Amino acid sequence: RDRTQFSFVDVSRAYFNARTDPSDPCYVQLPQEDPDHTNMCGYLLRHMYGTRRAADGWQEDYSTMLVQELGFTQGISCPNIFRHDERGITCTVHGDDFTSCGSKDNLDWMEREIGKQYEITIGPRLGPGKSDAKEAVVLNRVVRWCEDAIEWEADPRQVERLVADCGLAESRPVTTPVLLASHQDL
C-alpha cells in the first residue's frame, strides 16, 4: 500500500473546462450555417481549442484546482510541477496529461479528486508490485518500470524527424559508429 507508483491521468476536452475571464472577453466568428454569421459573433463563456488564450485558461484552471482545492504547492521556476508534501505526491502536467508519483492510496485519492472536477481517463498504474503495470504510454513516450530503473523511451516519431532533418534518411545503420582496428594496427 505504501509502495511508490506512477499514475497517468488524461483530461478529456481540457480547454473546454476553463472559464474565460469576463474582463478579457473572447469572441469567435459564427459558422456560415448560422443565419446571423454576417452581423454577429459568438461570446465564449469557456475556452475553445484554437483560441489564443485557451492554453493559459486551462493552466489557470488546473493550477487553481490543484493548489486551492487539493493543497498542492506549485513550482516557482517550473509552474507545471506540483508537490503535495503531506501526501508525498509529485505531479507534472503537460497539456491535459497529469503524471504523478506517490503511494497507491494517495494516488487513488488524487485520481478521485481530479475525476470530481474533470472527465478523465486513468492509464495503467506503474509500480514494483506483482499486480502493478510495468509499461505505459504517455505523450507518445513509452515508460517502463524495470527491476532497477525506470525507463523513458523517446517518441519514435521524433527520431524519424531528426533523421530526416539531418538528411540521414538514406544512411545505413550501424551498431557502433567506429572504425574497427585491423590486425596491422595492433
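The values are calculated or read from the model by the stated rules, or taken from the named source; none is laboratory data. Please read these numbers as outputs of a predicted model, since none were measured by experiment. With ideal geometry, Cβ positions are generated from the backbone for all residues, glycine too; neighbour counts draw on all protein chains shown. Quick note on the areas: whole protein, heavy atoms, side chains included, nothing else; ligands and nucleic acids left out. Shrake-Rupley method; radii C 1.70, N 1.55, O 1.52, S 1.80 Å.
General remarks:
- The condition of being under 25 Å from Val143 (Cα atoms), in contact with a Pro (Cβ under 8 Å, 6 or more places away or on another chain) and among the charged types (D, E, K, R) holds for only one of Arg83, Arg87, Arg3, Arg13, that being Arg3.
- Screening the range 28-56 for residues that are outside any strand (DSSP E or B) and of a type in the set (Gly, Ala, Ser) and picking the one that is surrounded by the most Cβ atoms within 10 Å (Cβ to Cβ) gives Ala54.
- Boolean, Thr99 is touching a Ser or Thr at 6+ places or on another chain (Cβ under 6 Å), open to solvent by 40 Å² or more (accessible area, probe 1.4 Å), touching a residue at least 12 places away in the same chain (Cβ under 8 Å) and polar (S, T, N, Q): no
- Subset of the range 71-85 that is among the β-branched types (Val, Ile, Thr) and not in a loop (DSSP other than H, G, I, E, B) - its residue that is least open to solvent (accessible area, probe 1.4 Å): Ile81
- Which listed residue, of Gln68, Gln59, is more than 18 Å from Val11 (Cα to Cα), assigned to a helix (DSSP H, G or I) and of a type outside the set (D, E, K, R): Gln68
- Within the range 9-35, residues that are more than 30 Å from Arg125 (Cα to Cα) sit with their Cβ atoms under 9 Å from residues that are of a type in the set (S, T, N, Q) and at pLDDT below 90, at 6+ positions apart or across chains, in these pairs: Thr20/Thr51; Cys26/Thr20; Cys26/Thr51; Val28/Thr51.
- The range 150-170, residues that are without any contact (Cβ under 8 Å) to a residue 40 or more places away in the chain, within 25 Å of Asp10 (Cα to Cα) and β-branched (Val, Ile, Thr): Val159
- A Cβ distance below 7 Å, combined with a sequence gap of six or more or placement on separate chains, defines the contacts here; from the range 133-149, residues that are free of Cβ contacts under 8 Å to residues at least 24 places away in the same chain reach residues that are acidic (Asp, Glu) and open to solvent by 50 Å² or more (accessible area, probe 1.4 Å) in the pairs Arg141/Glu153; Val142/Glu135; Val142/Glu153; Arg144/Glu135; Arg144/Glu151.
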